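One structure is given below, encoded as structure tokens.
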Amino acid sequence: MCDDPPVDSSDRIVVRPAEDEDDLDALNAGNPVWMSEELLRDSVAAAAEDVPIGVFMATLDGAPAGFATATGAGVCDGHRGGGYLFVRPEFRRNGIGGRLWRSILEVCSPERLPGVLLQMDADDQESRSVALAHGLRAGNLHLESRLDLASAQMLEVLATADVDGVSIRPFGSEVGEGEWRTFGDLFNRLLLDTPDQSGGADPVPLPVLRSLLSEPWQVMGAWQGSEMVGFTSVMVRNRSRRRLNTFLTAIEREYRGRGLSTVLKARHAVALRDAGWASIITHNVDGNAPILASNRRLGFHYSGGVLDVLYDHPAT
């Protein structure tokens, strides 16, 4: 986050749009909140032309020092825009965070949005303190857990369980655009029924959703007849390390309480392991007892925390 500089470094800081040749993975190395450059660039490319998006690089004396993104659409909880801000530890206390934060607010302006939601490493107490001192407030705490697919011993057992009347199978390889649109409607409707978006949010545009879920194998669905009543889905977090990240697991209300999410995730995990993927990382709101219990049964182990930090524009 941002900090007040102990010295005047303003003439040494440059904030500019990130360029194709910038190594964003290297710049964000060490930040557990960071997903991947591939994921970011794909989603930005898929966004509609009328959605303001900023991707910013900050340098100090020419050295890459900080990075931020801003999405000027209300896709986050409370119809806030989405932001990301990271300053490498060795460059902090030079005012870089403050400059990047102002760039975020220019995209997520009060004319467009009621505020901004950022996420940060929950263990980064320095950044949290600075954020709170600058008028932001803490929101949901997400518990990050990791499943090492090769060593998870309960997957085969859990994957063989049956749920009466429900068929579980991967999204077919011949999925057409109409089926993707139907899935997108279900995805956005069930996303609003999660703790992450209890305050409401704009739907994820289908092109962005398709950029993150570009292949049918990324979705495992539960069907009642021809109707999908639940699913689990993963994004590619790090292709070279064969690492995935759960995007969303969601079940229609009337089908909850049957263990369906556990069976879905187990069958998907087995298929992903057999396809050569190494691990899955997931994030769940602290206090969401049913999904946390399901994750423990599957073999997920806690690996860190991610904190929502909220900013609301002052009322005018």
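The values are calculated or read from the model by the stated rules, or taken from the named source; none is laboratory data. As the structure is a prediction and not an experimental result, all values here were calculated from the model. Cβ coordinates were reconstructed from backbone atoms using ideal geometry, including for glycine residues, and neighbour counts include every protein chain displayed. Side chains are part of the model used for accessible areas, which takes the heavy atoms of the whole protein and leaves out ligands, DNA and RNA. Shrake-Rupley method; radii C 1.70, N 1.55, O 1.52, S 1.80 Å.
For the reader, a short list of remarks on this structure follows.
- Only a single item in (1) out of contact with any helix residue (DSSP H, G or I) (no Cβ under 9 Å at 6 or more places or on another chain); (2) of a type outside the set (Phe, Trp, Tyr); (3) open to solvent by 20 Å² or more (accessible area, probe 1.4 Å) is not met by Ser279, and it is number (3).
- Pair list, Cβ under 6 Å, 6 or more apart: segment 10-21 residue within 14 Å of Asp61 (Cα to Cα) and basic (Lys, Arg), other residue open to solvent by 90 Å² or more (accessible area, probe 1.4 Å) and outside any strand (DSSP E or B): Arg12/Asp61
- The residues in segment 237-275 that are modelled with pLDDT of 95 or more, in a loop (DSSP other than H, G, I, E, B) and open to solvent by 40 Å² or more (accessible area, probe 1.4 Å) can be counted, and the count is 2.
- So Pro110, is it out of contact with any Lys or Arg (no Cβ under 7 Å at 6 or more places or on another chain), of a type outside the set (Ser, Thr, Tyr), open to solvent by 40 Å² or more (accessible area, probe 1.4 Å) and assigned to a strand (DSSP E or B): no
- Taken residue by residue, segment 22-31 has at least one member that is in a helix (DSSP H, G or I), free of Cβ contacts under 8 Å to residues at least 60 places away in the same chain and open to solvent by less than 30 Å² (accessible area, probe 1.4 Å).
- Qualifying residue in segment 185-194 (condition: open to solvent by less than 70 Å² (accessible area, probe 1.4 Å), touching a Leu at 6+ places or on another chain (Cβ under 9 Å) and modelled with pLDDT under 95): yes
- Residue pairs whose Cβ atoms lie under 6 Å apart, sitting 6 or more positions apart in sequence or on different chains, and linking a residue in segment 40-65 that is in contact (Cβ under 8 Å) with a residue 12 or more places away in the chain and assigned to a loop (DSSP other than H, G, I, E, B) to a partner that is among the basic types (Lys, Arg) and open to solvent by 30 Å² or more (accessible area, probe 1.4 Å), are Asp61/Arg12.
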